[in-house]
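The values are calculated or read from the model by the stated rules, or taken from the named source; none is laboratory data. Since this is a predicted model, take the numbers as computed values, not measurements. Don't worry about glycine lacking a Cβ; one is built from the backbone with ideal geometry, like all the others, and counts go over all protein chains shown.
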Amino acid sequence: MWIANQFDTKAEAFKIQGSYLSLTNRDAEHLLDLPSQGEEILKPPQTKNRDLFDEFKTTSKQGAHIKLSSLQEYFQTNKGIHDDNFIRRFVLFVIGVFLCPTTQRYVSSAYLNLVEDVNAISAINWTSLTLNHLMKSIKNISTTKGVYLEGNLPLLQLWYWEKLRADNLDPTIDYTMRDKPLIQYWDKHKAKKRYKIDTTYDYGKGKLASAFHYIMHVVVCHPEITRKGTASNGHTDD
């Protein structure tokens with residue numbers, strides 16, 4: 001991916017149009033609107049919950065793993081069941097296909113510690129988890145030959161599209177009057193249009209944005225009364 005190749009390991013940032021740009025937790029929060037409070041997660045816990053692993057694992061010639069295909073099959077054959085193990089399986093599936101995907105078709109058992117306490121799942125700093133996993137992979141491909149880019153690639157793609165605006169090349173692409181998460185405004189039609197711009201004008205062309213802009217709703221005095229304002233790059237008035 002062109003964007004990943006622009007990463008400068010010394011500057012710890014992406015060099016685009018002569019500027020060094022960092023993909024931050026705040027950026028990821030505004031793009032995806034994942035929980036971002038609490039302790040930063042640099043990597044999943046290294047201890048493995050053996051009981052949960054035995055519950056979710058699938059054994060084959062390749063060994064015992066929490067296979068994505070097995071998780072998906074469970075959802076299809078257990079519709080209507082929403083117990084704690086269903087929630088754990090669902091979160092593991094999201095980790096494996098979206099938040100922290102790898103080239104493997106299974107989820108690392110290290111993530112079991114993050115889903116053990118179902119009531120605590122919503123308080124986990126998922127933004128830092130997905131971002132740090134992605135950045136680790138980007139650094140790996142920058143320094144190691146023969147490795148593949150892994151991680152939340154839609155996050156990287158969206159960040160590039162938001163940082164390097166294309167409305168000066170195609171005025172039909174609008175960046176105004178939007179609320180977070182910004183991912184909701186990049187449907188299939190708009191993504192194809194942006195991809196065509198990148199391939200027509202070459203990557204790295206466009207108008208560099210210093211901040212993300214979106215409409216912020218602030219409750220004032222009464223829940224039914226809101227004030228609309230503009231927040232930039234994740235900085236709000238609260």
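Structural remarks
- Test for Thr59: is it farther than 30 Å from Trp186 by Cα, in contact (Cβ under 8 Å) with a residue 40 or more places away in the chain and of a type in the set (Ser, Thr, Tyr): no
- In the set (1) under 18 Å from the mean Cα position of the chain (by Cα); (2) in contact (Cβ under 8 Å) with a residue 12 or more places away in the chain, Ser22 fails one condition alone, (2).
- Among the candidates Ile183, Ile173, Ile138, residue that is hydrophobic (A, V, I, L, M, F, W, C) and touching an Asp or Glu at 6+ places or on another chain (Cβ under 7 Å): Ile173
- Qualifying residue in the range 72-87 (condition: among the hydroxyl-bearing types (Ser, Thr, Tyr), free of Cβ contacts under 8 Å to residues at least 40 places away in the same chain and farther than 30 Å from Ala13 by Cβ): yes
- Residue count for the range 77-104 satisfying the condition of being outside any helix (DSSP H, G or I) and surrounded by 14 or more Cβ atoms within 10 Å (Cβ to Cβ): 3.
- Here Thr143 fulfils each of the conditions (1) surrounded by 14 or more Cβ atoms within 10 Å (Cβ to Cβ); (2) in contact (Cβ under 8 Å) with a residue 60 or more places away in the chain; (3) over 25 Å from Arg194 (Cβ atoms) apart from (1).
- Of all residues in the range 168-195 being closer than 17 Å to Ser210 by Cβ and exposed (fewer than 14 other Cβ atoms within 10 Å of the Cβ), the one that is modelled with the lowest pLDDT: Thr176
- The helices (runs of 4 or more DSSP H) falling completely within the range 112-192 that include 2 or more residues that are within 13 Å of the chain's Cα centre (by Cα) map to 126-143, 153-163.
- The number of residues in the range 53-76 that are part of a helix (DSSP H, G or I), under 19 Å from Val94 (Cβ atoms) and either not aliphatic (A, V, I, L, M) or not assigned by TED's automatic domain parsing to the domain that holds Asn113 (or both) comes to 10.
- Check on Thr176, within 23 Å of Asn5 (Cβ to Cβ) and assigned by TED's automatic domain parsing to the domain that holds Leu23: no
- Qualifying position, being surrounded by fewer than 11 Cβ atoms within 10 Å (Cβ to Cβ) and not small (Gly, Ala, Ser), among Thr24, Thr47, Thr58: Thr47
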